[in-house]
1. Can you find a residue in the stretch 100-109 that is in contact with a His (Cβ under 9 Å, 6 or more places away or on another chain) and either farther than 29 Å from VAL21 by Cβ or hydroxyl-bearing (Ser, Thr, Tyr) (or both)?
2. Taking the condition of being open to solvent by less than 40 Å² (accessible area, probe 1.4 Å) and either of a type in the set (A, V, I, L, M) or touching a Ser or Thr at 6+ places or on another chain (Cβ under 7 Å) (or both), how many residues in the stretch 113-132 meet it?
3. For residues in the stretch 100-156 being of a type in the set (Asp, Glu) and within 16 Å of the chain's Cα centre (by Cα), which is farthest from LEU37 (Cα to Cα)?
4. I want to confirm something. Restricting to the stretch 78-91 and keeping residues that are closer than 18 Å to MET133 by Cβ and not β-branched (Val, Ile, Thr), which single residue is surrounded by the most Cβ atoms within 10 Å (Cβ to Cβ)?
5. Before we move on, is GLY135 open to solvent by 30 Å² or more (accessible area, probe 1.4 Å) and touching a strand residue (DSSP E or B) at 6+ places or on another chain (Cβ under 9 Å)?
6. Looking only at residues in the stretch 51-77 that are crowded, with 22+ Cβ neighbours inside 10 Å and part of a loop (DSSP other than H, G, I, E, B), which one is farthest from the chain's Cα centre (by Cα)?
7. Does ALA48 meet the test of being assigned to a loop (DSSP other than H, G, I, E, B), open to solvent by 60 Å² or more (accessible area, probe 1.4 Å) and of a type in the set (Gly, Ala, Ser)?
Amino acid sequence: MAAEPVEISLRVNGRERTLSVEPRTTLLDALRERLGLTGTKKGCDQGACGACTVLVDGRRVNSCLTLAVMRRDAEITTIEGLAKGDELHPVQRAFLECDAFQCGYCTSGQIMSAAALIEEGHAGSPGEVREWMSGNICRCGAYPNIVAAVRQAAGGGAR
């Protein structure tokens, strides 16, 4: 039996959005299916791959593991909200310059996680980047280029 929908207001990419969702709706499903923000990917739906990573109040969150109703008062940033207009975020630019993707499926989650770890101050060395990015899986194995992109975006060199 489905629960009665509740009306919630989410602040996504700087814009207030009101929608009606079942209380059990994940933030991922609300973003993709209700708000049309399909840049955030549904990977494992179990919090193990990181493809659904978004920023909630500046912190990395697996959006498949959090309920939309729990994020009513939060500032949510998706890959669509990372750039400033036509100007790419430094991490987005570095991913392009370092060829840090192959199929691209994990890329939005990788970029969101990388942007947060740089802000957190965890890009001091390649090993530190690998450790703090360990929750984001790349099935194509683009890890060396991902680390290079994060280091470049953080101002720590390409490798």
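1. Taking the stretch 100-109 first, the residues in contact with a His (Cβ under 9 Å, 6 or more places away or on another chain) are none.
So far as the stretch 100-109 goes, no, none of its residues is in contact with a His (Cβ under 9 Å, 6 or more places away or on another chain) and either farther than 29 Å from VAL21 by Cβ or hydroxyl-bearing (Ser, Thr, Tyr) (or both).
2. Final tally of qualifying residues: 7.
3. We begin by selecting, within the stretch 100-156, every residue of a type in the set (Asp, Glu); these are 119-120, 128, 131.
Now drop any that are not within 16 Å of the chain's Cα centre (by Cα), which leaves 119-120.
Working: GLU119: 24, GLU120: 25 Å.
Among residues in the stretch 100-156 that are of a type in the set (Asp, Glu) and within 16 Å of the chain's Cα centre (by Cα), the one farthest from LEU37 (Cα to Cα) is GLU120.
4. First, pick out the residues of the stretch 78-91 that are closer than 18 Å to MET133 by Cβ: 79, 82, 89-91.
From what is left, the residues that are not β-branched (Val, Ile, Thr) are 82, 89-90.
Details: LEU82: 20, HIS89: 18, PRO90: 17.
Checking each candidate, the answer is LEU82.
5. Numbers: open to solvent by 30 Å² or more (accessible area, probe 1.4 Å): yes; touching a strand residue (DSSP E or B) at 6+ places or on another chain (Cβ under 9 Å): yes.
Here the answer is yes, as GLY135 does meet what is asked.
6. CYS64
7. Yes: the conditions hold for ALA48.
Residue-by-condition table, conditions (1) among the basic types (Lys, Arg); (2) in contact (Cβ under 8 Å) with a residue 24 or more places away in the chain:
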position: ARG60; (1), (2): yes, yes
position: ILE76; (1), (2): no, yes
position: LYS84; (1), (2): yes, no
position: LEU88; (1), (2): no, no
position: GLN92; (1), (2): no, no
position: PHE101; (1), (2): no, yes
position: SER108; (1), (2): no, yes
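The values are calculated or read from the model by the stated rules, or taken from the named source; none is laboratory data. What you see is a predicted model, and the numbers here were worked out from it, not measured in a lab. With ideal geometry, Cβ positions are generated from the backbone for all residues, glycine too; neighbour counts draw on all protein chains shown. Just the protein is used for accessible areas: all its heavy atoms, side chains included, with ligands, DNA and RNA removed. Shrake-Rupley method; radii C 1.70, N 1.55, O 1.52, S 1.80 Å.
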